[in-house]
Every structure is written in C-alpha cells, then in structure tokens.
Amino acid sequence: MTWIQDHLGLIGSLAVRHAVLAGIPLLLGLVVSLPLGWLAHRYRRLAPVALAGTGLLYTIPSLALFILMPLLLGTKILNPINVVAAMTIYTIALLVRTVVDGLDSVPKDVDAAALAMGLTGLRRLLGVQLPLAIPVIAAGLRVAAVSNVSIVSVASIIGVSQLGDLLVDGYNRDIPGALWAGIIGCLALALLFDIVIQVVARLLTPWRASTKPAAAGAPA
Amino acid sequence: MIRFDAVTKTYPGGTTAVDGLTLEAPTGQITVLVGPSGCGKTTSLRMVNRMIEPTSGTISIDGRDTASMDPATLRRGIGYVIQHGGLFPHHTIERNIATVPLLLGTDKSTAYARARELLERVGLPQSLAKRYPAQLSGGQQQRVGVARALAADPPVMLMDEPFSAVDPVVRTQLQAEFLRLQRDLGKTILFVTHDIDEAITLGDQVAVLRVGGHLAQMASPSELLAHPADDFVADFVGRDRGYRALSFVDGVLPALAEPTVAVGDSAELARERAIDGWVLVTDDERPLGWYAVGSPGDQVTAERLALGGTLARQGGTLRAALDSALSAPSGRGVVVTDEGKLAGTLTAAAVIEVIEQQRTGRDRAPAVQDDPSAEPRIQHSPGGESP
C-alpha cells in the first residue's frame with residue numbers, strides 16, 4: 001500500500017484523465033442518441049434498423065475500434081480524440097434503445113392530452129415527452145457510464161493514458177499496489193458517475209419526489 | 001354546433017372505425033356518443049379536433065370546416081378531457097390547468113390566477129395548486145382534467161370517458177357536479193362513454209353507435225328508453241329500461257302523513273306510534289331512520305336505527321319514489337321537501353298506481369319537468385331548458 005501513498009499525485013491525474021475520457025463521450029453520446037431515439041420512436045419502421053444497427057456497434061471489440069479510429073478520422077494514433085470518438089460510439093450503442101424505451105414509457109393518455117391541448121412537435125417533445133422519459137434515460141445512462149469507465153482502460157494499449165496504465169504497468173512490472181490502485185480507482189469512478197447521474201435525474205424530476213396523497217378533507 | 005357530415009374513417013389495414021356518420025351536436029347541449037368498444041366513438045371524438053383525420057366526409061364547428069383550420073389552433077380552441085385525466089405528471093396542478101392559456105400567450109400570473117379560480121369552480125381547494133397530480137386522488141385528478149379543459153373558456157368541449165376511472169360513488173358525484181357546471185356554462189359538449197346509464201344521466205341527446213361505426217339511433221334519453229329503434233339499441237339500453245324510464249317521469253306523489261318519534265323517546269311511545277312494527281325517527285323534522293318495535297332497550301337510540309332507505313324528493317322522479325319505497329325496511333318510502341324535511345311516506349303500490357294513471361296520457365304528452373331542485377337529470381329531459 002505504500003506504493004499507492006507514494007504515487008497519489010499520479011493516480012489522481014490518471015483518474016482525472018479517465019473521468020474525462022469516459023465522461024465526455026457519455027454527454028456526446030446522449031446528445032446524438034436523443035434525436036436518433038426520437039426518430040426511431042416517431043417512425044416505427046425505422047426502429048428495428050436503428051436499434052439493431054446501433055446495438056451491433058457495441059459488439060465491435062474496443063481495441064479494434066480504438067485502432068480503426070485514426071483511419072476513419074485521420075487523426076494521429078496517440079490523439080485522445082480517438083478514444084473519445086470510440087467511446088461515444090459505445091455510448092450511442094447503449095443509449096439509442098434507452099431513449100426509444102424512455103419515449104415509449106410516456107403514458108399514452110398523457111401524450112394524447114398534450115396533442116389535444118395543441119402542443120406541437122418540438123414543444124410536445126421538449127415539454128412533455130422528454131421530461132417524462134428522464135427516469136428511463138437516466139437508468140440507461142447509468143449502465144453506459146459504468147460500461148464506459150470499464151472500457152476506457154483498454155486505451156492504455158494504444159498509448160492513451162488513464163487509470164488503465166496502472167493495470168498494464170502493475171501487471172508487466174509486478175506491482176500489486178498499482179494493480180489495486182487501478183481497480184479501486186475504476187470502481188470509485190464508476191460509483192461517482194452513478195451517484196452524479198442519480199442526483200441530476202432526481203433534481204430534474206422533482207414531481208417524483210413526493211407522491212403522498214393529498215391531505216384528508218379535500219373532496220374526492 | 002358540431003356537425004358530422006357522412007364522416008368515414010378507414011385505417012390502412014382496411015378496418016372501418018367510423019362509417020358514414022352524420023349527426024349534429026347542438027350548441028349549448030351535451031351530446032353523448034355511446035356504444036360498445038370498437039364502435040368508433042373515441043375515433044369520432046378525435047376527428048373533431050383532428051387528432052385523427054377523417055378518410056372522407058366533413059366535420060364543421062359552427063359552420064366552419066375543421067379541415068380548413070390549422071390543427072394546433074383548432075385544438076387550442078376546443079376543451080379536451082381525456083380518460084384517466086391525462087394530467088401532465090411533471091407539472092403542478094396550476095401549471096396543468098394553465099397549459100392552453102400559456103400556449104395562447106397569456107402571461108403566467110394571469111393564467112395561474114385563473115387556474116386557481118377554476119380549481120374552486122370544480123370543487124377543489126386552492127391549496128392543491130402547487131401539488132403534483134400523483135399527490136391527488138383519482139377523483140381529484142378528474143376534476144383537474146375538467147378544469148384544464150375549461151381554462152381557455154372554449155365554447156366546445158370534447159370529453160372521452162372522463163369519469164370512467166373512479167369508483168361509482170365518486171362518479172355519481174362528479175356527474176352531478178358536471179351537470180351543475182354545464183348549467184352555468186352552456187358549453188357545446190360531445191361526450192363519449194361506454195356506460196349507457198351515464199349517457200342517459202348526462203345527455204341532452206344520445207347517439208348509440210354499433211360496432212363498425214354505424215349510428216344506430218340518435219334520440220333524447222327518454223325517447224331512447226321508450227322507443228329503441230331496433231334490437232341492438234334495445235339490447236344495449238338494457239333490460240330494466242322500463243324502470244329506468246321512470247327517471248324521466250314525475251307525478252304528484254300521494255305522500256301520507258307518517259307519525260314520528262325522536263331519539264331519546266321511550267320504546268313505549270314508539271310502540272304506540274308504529275305502523276306495521278316500524279316507526280320513523282326524525283330530528284327537527286329531518287328523517288334519521290326506522291326504529292323496529294321490540295328492539296332491545298327501553299329508549300329509541302341512534303345506534304338502533306335501521307338505515308338504508310333512500311329518500312325521494314317531493315316533485316322528484318317516479319324512479320326515486322319507487323326506489324325509496326322498495327329500499328325502506330318498513331316498505332314505506334320517505335318523501336322529503338327540498339329542505340330535506342319530512343313530507344310523508346308512500347308505498348310501492350301507491351307509486352305503481354301513479355304510473356298506471358299516467359300510462360294512458362304518456363304517449364301523447366312527454367313529461368316536462370319544471371322543478372330545478374330535484375335530480376339533476378331533470379334539466380335534461382326533452383323540452384327542458386338550460387337556464
């Protein structure tokens with residue numbers, strides 16, 4: 001454990017890089033998945049194609065995707081953009097289905113009421129459908145976050161450093177302290193992401209906090 | 001006036017939901033569309049505000065073809081109450097009610113002030129304004145749904161089974177209050193239900209639809225009960241339609257004076273005054289219940305009263321009178337004045353006699369009610385006018 005105490009600065013800076021490499025794709029992936037999910041929800045015939053297509057992306061091995069990125073984007077092999085782009089693709093693979101499920105979870109009568117009140121396209125989406133889809137989307141985002149934190153560590157192999165470096169180094173140079181630091185760091189980061197998503201989701205859905213029935217005395 | 005002119009809706013699969021529907025929903029009245037599931041009643045309703053587009057035919061509101069209007073503008077001008085309330089769960093009650101006024105550009109404080117007024121209008125305390133729908137009971141949510149539809153004061157309202165998701169007691173209460181509200185507001189209402197009793201209670205006229213979207217009959221409730229157009233309507237209206245038709249008939253009820261005792265009187269006095277073993281117990285002329293001679297104890301106590309008899313109002317319907325007689329443990333139905341004070345009692349036989357007397361004259365002169373204090377449905381009998 002002395003290894004960890006001696007290298008707190010290194011662990012900290014790798015953790016920050018890890019958080020950025022896993023977190024930025026999470027936000028980018030969400031931004032891309034929302035319109036894609038909406039299209040699949042709106043035009044049902046697109047749904048199977050969109051879901052199967054994006055779902056398949058998740059089966060591409062991460063190492064392969066990391067190596068492919070420079071070819072597709074024309075970036076240098078060591079550029080962290082490669083990792084961000086690849087992780088964004090994994091996030092999209094998980095989130096498009098989640099967004100469709102979230103929009104599908106909006107109660108039919110509520111959606112019909114929105115239409116009947118004269119709410120038009122974008123207003124209905126942003127004012128009614130999306131807010132009500134938040135709980136489901138947040139649940140999907142939690143899965144994607146944990147998945148991202150785990151997959152990003154593979155990027156060490158192509159030389160983009162983050163907590164995965166500790167795992168590779170710890171293994172190659174037989175430093176148990178580094179292995180432990182890498183594992184615990186990833187776990188802590190995944191937990192942190194999870195908590196942040198839950199807190200934000202709760203703040204965005206204040207109506208779900210209190211569902212106690214109205215006080216007695218009011219008419220039925 | 002909402003006018004359907006040969007309106008047909010056929011879905012791509014070939015299913016015909018509505019088939020050549022022609023009907024008029026007159027201004028200021030409640031027109032009920034009723035029928036079994038699959039009869040196209042909700043589809044018909046949703047074609048009025050173009051949530052569903054008709055395949056052919058035209059729908060006009062006050063002479064304007066709805067197809068020529070912008071759908072969103074059209075919808076904002078029509079109140080819509082949906083099954084289960086359909087409230088936005090993520091908006092507070094006041095925000096829900098203010099939905100259409102805010103869309104129309106009313107400023108927030110005006111819209112919210114109006115929302116609070118409407119809450120009281122539908123019988124809810126203003127203190128609910130800041131709550132979320134999930135914090136309200138089903139019945140309260142339905143009331144908010146009605147308030148939301150009224151918010152922009154639209155002349156036309158569409159109501160899709162608005163009271164179906166609540167228990168029967170609350171439903172009856174909501175129906176009565178809805179009729180009271182409508183008497184003040186005089187909206188042009190198209191109302192969908194699968195419940196023929198609700199249709200008859202609420203409708204100024206009732207359109208019975210059959211599966212496949214055909215109009216089977218359009219008539220006033222009393223006409224529907226008395227002269228169903230065919231077997232389908234007769235069947236749908238139900239077997240006890242003869243009894244229910246009494247809801248639309250009033251008569252001079254020959255209530256007889258009934259001796260009474262008060263809580264605290266001696267069992268001896270009760271025995272002296274009882275007729276056929278039962279004596280009516282009142283408090284300040286208000287009937288409390290029936291006391292059976294021979295009940296244990298030497299005093300008439302509130303705990304020993306047999307309750308359960310319904311009360312008929314003087315000048316009310318024959319249905320209420322007959323029900324009162326049938327439900328009273330003594331066999332004598334209690335008739336009360338509009339103030340709820342005892343007017344007398346009458347037996348089922350006496351009510352039947354009134355029915356028999358009326359039978360001869362009934363075909364020629366439809367019953368016209370003029371007593372506004374009796375059951376609300378009286379205002380909706382043929383010839384009845386909304387003030």
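Determine whether B:Gln217 is at pLDDT 90 or above, under 26 Å from B:Gln173 (Cα atoms) and open to solvent by 10 Å² or more (accessible area, probe 1.4 Å). It is false that B:Gln217 is at pLDDT 90 or above, under 26 Å from B:Gln173 (Cα atoms) and open to solvent by 10 Å² or more (accessible area, probe 1.4 Å). Here is a check on your reading of the model: is B:Val7 more than 30 Å from B:Leu124 (Cβ to Cβ), assigned to a strand (DSSP E or B) and more than 9 Å from chain A (Cβ to nearest Cβ)? Judged against the criteria, B:Val7 is a match.
Report yes if B:Asp235 is surrounded by fewer than 16 Cβ atoms within 10 Å (Cβ to Cβ) and in the same structural domain as B:Leu215 (by TED's automatic domain parsing), otherwise no. In short, yes.
Taking region B:197-206 as the range and being open to solvent by 20 Å² or more (accessible area, probe 1.4 Å) and farther than 15 Å from B:Thr27 by Cα as the test, the residues that pass are B:Asp197, B:Thr201. Checking each residue in region B:302-321 for being assigned to a loop (DSSP other than H, G, I, E, B) and surrounded by fewer than 16 Cβ atoms within 10 Å (Cβ to Cβ) picks out B:Leu307, B:Gly308, B:Thr310. Of everything listed in (1) open to solvent by 30 Å² or more (accessible area, probe 1.4 Å); (2) more than 22 Å from B:Pro133 (Cα to Cα), the single unmet condition for A:Ile92 is (1).
Can you pull out every residue in region B:142-155 that is within 13 Å of chain A (Cβ to nearest Cβ) and surrounded by fewer than 23 Cβ atoms within 10 Å (Cβ to Cβ)? Hits for region B:142-155 are B:Leu150, B:Ala152, B:Pro154. For A:Ala188, the conditions (1) hydrophobic (A, V, I, L, M, F, W, C); (2) crowded, with 18+ Cβ neighbours inside 10 Å; (3) under 19 Å from the mean Cα position of the chain (by Cα) are fulfilled apart from (2). Kindly indicate whether any position in region A:79-89 is surrounded by 13 or more Cβ atoms within 10 Å (Cβ to Cβ), over 26 Å from A:Leu21 (Cβ atoms) and modelled with pLDDT of 85 or more. So far as region A:79-89 goes, no, none of its residues is surrounded by 13 or more Cβ atoms within 10 Å (Cβ to Cβ), over 26 Å from A:Leu21 (Cβ atoms) and modelled with pLDDT of 85 or more.
Taking the condition at pLDDT below 85 and within 16 Å of the chain's Cα centre (by Cα), does B:Arg244 pass? Yes, satisfied. Scanning region B:324-350 for residues that are surrounded by fewer than 20 Cβ atoms within 10 Å (Cβ to Cβ) and touching a helix residue (DSSP H, G or I) at 6+ places or on another chain (Cβ under 7 Å) turns up B:Leu326, B:Gly331, B:Thr347, B:Ala348.
Which numbered condition in (1) open to solvent by 70 Å² or more (accessible area, probe 1.4 Å); (2) farther than 30 Å from B:Glu24 by Cα; (3) more than 26 Å from the chain's Cα centre (by Cα) is the only one that B:His90 fails? Every listed condition holds for B:His90 apart from (1). Would you pick out the residues in region B:49-78 that are in contact (Cβ under 8 Å) with a residue 12 or more places away in the chain and facing chain A (nearest Cβ under 9 Å)? Those that are in contact (Cβ under 8 Å) with a residue 12 or more places away in the chain and facing chain A (nearest Cβ under 9 Å): B:Asn49, B:Met51, B:Pro71, B:Leu74, B:Arg75, B:Arg76, B:Gly77, B:Ile78. Could you check region B:238-280 and list, in sequence order, the residues that are touching a helix residue (DSSP H, G or I) at 6+ places or on another chain (Cβ under 8 Å) and of a type in the set (Val, Ile, Thr)? Matches in region B:238-280: B:Val249, B:Val252, B:Thr260, B:Val261, B:Val263, B:Val279.
Within region B:89-108, being without any contact (Cβ under 8 Å) to a residue 40 or more places away in the chain and within 11 Å of another protein chain (Cβ to nearest Cβ) holds for B:Arg95, B:Leu102, B:Leu103. Of the helices (runs of 4 or more DSSP H) that lie entirely inside region B:63-134, those containing 2 or more residues that are over 26 Å from B:Ile52 (Cβ atoms) span B:93-97, B:108-121. Applying a threshold of 7 Å to beta carbon distances and a minimum spacing of six or more residues, or different chains, the list of pairs starting in region B:127-139 at a residue that is more than 7 Å from every other protein chain (Cβ to nearest Cβ) and over 7 Å from B:Ile93 (Cα atoms) and ending at one that is crowded, with 20+ Cβ neighbours inside 10 Å and at pLDDT below 95 reads B:Gly138/B:Val166.
The values are calculated or read from the model by the stated rules, or taken from the named source; none is laboratory data. Computed from a predicted structure; not experimentally measured. Positions of Cβ are generated from backbone atoms using ideal geometry, with glycine treated the same way; all protein chains shown enter the neighbour counts. SASA here: full protein model, heavy atoms, side chains in, ligands and nucleic acids out. Shrake-Rupley method; radii C 1.70, N 1.55, O 1.52, S 1.80 Å.
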